[in-house]
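What follows is a single structure, written as structure tokens, with notes after it.
Just so it is clear, none of the values below were taken in a lab; they were calculated from the coordinates. Computed from a predicted model, the values in this text were never measured in an experiment. No Cβ is skipped: glycine too gets one built from the backbone with ideal geometry, and neighbour counts run over all protein chains shown.
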Amino acid sequence: MNEVANTDSEAHRQMEPEKKPTTAGNYFVSNYPPYSFWKPDHVGEFLEAIERPPSPDTKMGLYLHIPFCRKRCHFCYFKVYTDKNATAINGYLESAVKELEAYASKPFIGGRKPNFVYFGGGTPSYLSVPQLTSLTDRMKAVLPWDEAEEVAFECEPGTLTDQKLKAIRDVGVTRLSLGVEHFDDHILETNGRAHRSKEVFRAYQYAREIEFPQVNIDLIAGMLEETEEKWKMAVERTLELGPDSVTIYQMEVPFNTGIYRQMKDSGQLTAPVADWATKRRWVDYAFGELEKEGYTVTSAYTAVKDKARTKFIYRDRLWEGADLLSVGVASFGHIGGTHYQNNADFEPYVNAILDGNLPVFRALTPSNEERLIREFILQLKLGHTRCSYFDQKFGVNVKKKFEAPLKQIADWGFLKIDGDEIKLNREGLLQVDRLLHEFFLPQHLTQRLV
């Protein structure tokens, strides 16, 4: 039974007309409260959190940021470097291991081993085989991975040789994520990608030969000079390869991207990429084609071939409030109820480690209400969540707590409540990040998320 009626109500706002052009700014919601509310004044709260034992049954993950790339993509907003030589890279890896060692003896570890491990970037596959092998050996010596359910590793296809792929497999990676983004070489070049389509096919073939448990392909809908025909081709090529999972993101243009700088220099107010309605339609098309081939859509961005076997442990654990020990420049983590981010610049990060200090730049300890909102909105990205989960964990009836926003979204035609389950339909899922702001506290309703 639908407990929230999909009817018009004078007590609720009409759905605001969608701003079709893509304007500059962050669109996707990846945490709560927004990063812009994390402050240096709260770092002391983080330092207190790492001195406390973990809450019972709280799983812990490990994230390492590898900030090196062959090129900086025009749409990239992550902290990356394209100018570091081998000496600088080795020095950075040494600093990251020392940072990990500094945490290993802290009470928050509580005898836990990582339940999941994630190498993000940047381009983790930019590392050489000796660098990768030495790094992971030393990390495992500090915090063994032998109980990890998932070890995920991001790759740029053009950096992958057969030897490197084998090394990545040998260090224990279970999910290889290929940053394909598109299969059209002109679009790849126009958007500043370093690889070309032939490198994708070669890397994918060998990854299959050496039997990675999960191979994921990333796509981006709405890149510079994307067309209907080219997008359909990208989806077709993806289906021909048949990866275990596909992640599809709609192009956004944050303020710290090359595209935005070009917009600013030319006085443009809108980005030269597809509008939001078109991007959502393209993702919907891709999901539909994947479903025809037996894939299941498991989040606003993800489709998997075998739902019983293919998991995204890193995502699911974080969206359920797991601890995340993050090391490396600009990395974001969460320990004992406190969010934190490391220094976002290379030299200050390395120098802090050399001086024997933790390189944490800003932090925030959310209230219980904010923690509830965080897990609720992130789990809605799966397209569904269960009310009983929040009742058991937070002692809160979310149907009552969020009665107004739930009814608002239902009135817009995107949501229904069926017993214990809150569900978004496909139309709602495709624009979930836009809808999540309905659950934000008033003080967090800002266009500046980072």
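Descriptive notes on the structure:
- Across LYS381/LYS407; LYS84/LYS164; LYS98/LYS164, pairs whose alpha-carbon gap is larger than 23 Å: LYS98/LYS164
- Based on the reciprocal of the average 1/r between different C-alpha atoms, the Kirkwood radius for the chain equals 22.9 Å.
- Distance between the C-alpha centres of segment 267-309 and segment 124-147: 33 Å, rounded to the whole angstrom.
- With contacts taken as Cα pairs under 8 Å and at least 6 residues apart, the chain reaches a relative contact order of 25 percent.
- Remark on the chain: CYS69, CYS155, CYS387 stand apart, with no other cysteine beta carbon under 4.7 Å.
- Residues whose placed amide H lies under 5 Å from that of VAL117, excluding near-sequence neighbours: LEU62, GLU150, VAL151, ALA152
- Cross-link pairs beyond the 32 Å C-alpha cut-off, checked among LYS71/LYS423; LYS20/LYS230; LYS264/LYS423; LYS140/LYS292; LYS264/LYS311; LYS292/LYS416: LYS71/LYS423; LYS264/LYS423; LYS140/LYS292; LYS264/LYS311
- Taken as Cα centroids, segment 162-227 and segment 348-405 sit 31 Å apart, rounded to the nearest whole angstrom.
- Other residues whose C-beta falls under 9 angstrom from the C-beta of GLU320 contribute a net charge of +1, scoring Lys and Arg +1 and Asp and Glu -1.
- Taking a Cβ cut-off of under 14 Å around SER95, the surrounding Lys, Arg, Asp and Glu residues balance to a net charge of -3, with basic ones at +1 and acidic ones at -1.
- Peptides 322-330, 271-279, 203-211 ordered by average Cβ neighbours within 10 Å, highest first: 322-330, 271-279, 203-211
- Exposure proxy shown here: for PHE116, PHE255, the number of other Cβ atoms within 10 Å sets the order, fewest to most, as PHE255, PHE116.
- Proximal charge balance of ASP83 [Cβ under 12 Å; K/R count +1, D/E count -1]: +4
- Coupling constants for segment 242-249 follow from the phi torsions by the Karplus curve (6.51 cos²θ - 1.76 cosθ + 1.60, θ = phi - 60°), and in residue order they are x, x, 5, 8, 9, 10, 10, 10 Hz; glycine and proline get x.
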